[in-house]
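The values are calculated or read from the model by the stated rules, or taken from the named source; none is laboratory data. All figures in this text were calculated on a predicted structure; none of them were measured in a lab. No Cβ is skipped: glycine too gets one built from the backbone with ideal geometry, and neighbour counts run over all protein chains shown.
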Amino acid sequence: MKVAGRSTGGARRPGAAHADGQAAGDRSRPPRPHALHRYGQNHLVDGNILRAIVRQAAVGPDDVVLEVGAADGQLTRPLLERARLVHAFEIDHRYASRLSKLAAEHPNLAVHSGDALKQDLAALDPPPTMLVANLAYNIAIPLIMTTISGLPQLSRWAVMVQKELGDRLFAVPSTKAYAAVSVLVQLACRREEVRAVPPAAFRPQPRVDSSFITFVRRAPAAAGTAPAAGEAPPPTAAGYAAMDQLVRLAFGQRRKVLTNTLSGAARAGVTLSRDDVRRALDELRLSPAARPEELAPPQWVALARALGWPAGAIASDGRA
């Protein structure tokens with residue numbers, strides 16, 4: 001999805017104002033390009049929702065925003081009013097001239113053409129501190145995971161996604177939505193707020209509901225204090241990579257028991273046997289028939305430690 005289009009203020013009415021102040025009958029701007037299915041473009045046209053998500057994003061004057069899918073800058077403009085700088089990515093070349101013009105008017109806008117997932121986001125200068133974007137379904141999970149693991153300075157996410165995906169990010173164990181991405185996102189982040197967005201807020205209307213969700217990176221517990229109840233300490237970069245591999249291996253066959261899915265798994269010289277997995281589960285007082293979807297994120301950290309996965313990368317206190 002991409003954020004663009006005019007405000008309807010809820011219901012459409014003649015002469016309604018755009019979110020950026022342009023009247024609906026104002027022809028001073030060229031018509032926006034039609035949405036392209038291959039880019040997952042659904043333009044947000046409800047100005048009330050646009051203003052609400054900008055407030056929920058809570059961009060501050062010191063923030064460097066990463067926006068993926070800037071389109072013609074409908075969301076970019078209010079971000080520029082609040083942020084130190086906006087790195088705006090757009091894959092659709094039809095919006096290039098509009099974004100170039102906007103950048104000429106705003107020195108705190110850096111426009112980047114092309115697919116954000118194929119760029120070196122870690123090389124952005126200054127580095128992003130938050131992601132604010134309306135994400136196409138096919139890039140949402142890869143982009144969220146890439147920014148969690150590859151952009152350590154990025155501490156806040158404010159993203160529009162399909163409701164199904166929003167539910168999956170913070171799903172609880174033993175539910176249909178609970179998946180590898182649920183574990184990995186929750187190991188690193190804590191959810192703040194979710195806002196439901198109906199199909200009528202977009203043109204063309206998607207066939208699914210959407211959610212605007214904000215979540216933040218969990219900070220390490222202060223010295224001498226324990227993590228919040230039910231949480232594992234947030235992982236280091238090396239620990240997160242190890243957890244990523246272990247969790248994805250297991251959820252690759254989520255209906256199978258862990259003694260089968262993890263048997264033969266190898267990393268950094270460690271190869272697991274079925275007996276290794278059984279012993280680790282027994283140490284955690286988990287059933288030998290336990291399946292991936294039954295373990296909460298902290299239990300995954302404890303399992304990695306019990307398995308010695310990988311040797312030396314999971315500390316004895318459970319800190320990944």
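Scanning the range 178-213 for residues that are at pLDDT 95 or above and either outside the structural domain of Ala136 (by TED's automatic domain parsing) or aromatic (Phe, Trp, Tyr) (or both) yields Tyr178, Phe212. For the range 262-278, filtered to residues that are in contact (Cβ under 8 Å) with a residue 12 or more places away in the chain and charged (D, E, K, R), the residue that is surrounded by the most Cβ atoms within 10 Å (Cβ to Cβ) is Asp276. Scan the range 70-107 for residues that are crowded, with 20+ Cβ neighbours inside 10 Å, of a type in the set (Ser, Thr, Tyr) and modelled with pLDDT of 95 or more and jot them down. Across the range 70-107, the qualifying residue is only Thr76.
Hey, could you check the range 125-143 for residues that are in contact with a strand residue (DSSP E or B) (Cβ under 7 Å, 6 or more places away or on another chain) and surrounded by fewer than 19 Cβ atoms within 10 Å (Cβ to Cβ) and say which is nearest to Leu165 (Cα to Cα)?
So the first thing to find is which residues in the range 125-143 are in contact with a strand residue (DSSP E or B) (Cβ under 7 Å, 6 or more places away or on another chain), and the list is 126-135, 137, 140, 143.
Among the residues that remain, those that are also surrounded by fewer than 19 Cβ atoms within 10 Å (Cβ to Cβ) are: 126-127, 137.
Numbers: Pro126: 29, Pro127: 26, Tyr137: 8 Å.
So, considering only residues that are in contact with a strand residue (DSSP E or B) (Cβ under 7 Å, 6 or more places away or on another chain) and surrounded by fewer than 19 Cβ atoms within 10 Å (Cβ to Cβ), the one nearest to Leu165 (Cα to Cα) is Tyr137.
Taken together, the residues in the range 279-297 that are under 21 Å from Gly239 (Cα atoms) and buried (at least 18 other Cβ atoms within 10 Å of the Cβ) amount to 7. When the residues of the range 63-99 are filtered to those that are among the acidic types (Asp, Glu) and more than 20 Å from the chain's Cα centre (by Cα), the one that is nearest to Trp157 (Cα to Cα) is Glu81.
Screening the range 144-173 for residues that are β-branched (Val, Ile, Thr) and closer than 26 Å to Ala83 by Cα and picking the one that is surrounded by the fewest Cβ atoms within 10 Å (Cβ to Cβ) gives Thr146.
Out of all the residues in the range 26-69, which are part of a strand (DSSP E or B) and at pLDDT 95 or above? Steps first, answer last, please.
Step one: filter the range 26-69 for residues part of a strand (DSSP E or B), giving 43-44, 64-68.
Listed by number, the residues that qualify are Val64, Val65, Leu66, Glu67, Val68.
Given the condition in contact (Cβ under 8 Å) with a residue 60 or more places away in the chain, buried (at least 20 other Cβ atoms within 10 Å of the Cβ) and among the acidic types (Asp, Glu), answer yes or no: does some residue in the range 243-251 qualify? Within the range 243-251, not a single residue is in contact (Cβ under 8 Å) with a residue 60 or more places away in the chain, buried (at least 20 other Cβ atoms within 10 Å of the Cβ) and among the acidic types (Asp, Glu).
The rows are residues; the columns are (1) assigned to a helix (DSSP H, G or I); (2) of a type in the set (Gly, Ala, Ser); (3) in contact (Cβ under 8 Å) with a residue 40 or more places away in the chain.
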position: Ala88; (1), (2), (3): no, yes, no
position: Arg98; (1), (2), (3): yes, no, no
position: Leu102; (1), (2), (3): yes, no, no
position: His112; (1), (2), (3): no, no, no
position: Ile144; (1), (2), (3): yes, no, yes
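Among the residues examined, Leu66 qualifies as in contact (Cβ under 8 Å) with a residue 40 or more places away in the chain, under 22 Å from Asn138 (Cα atoms) and in contact with a strand residue (DSSP E or B) (Cβ under 9 Å, 6 or more places away or on another chain).
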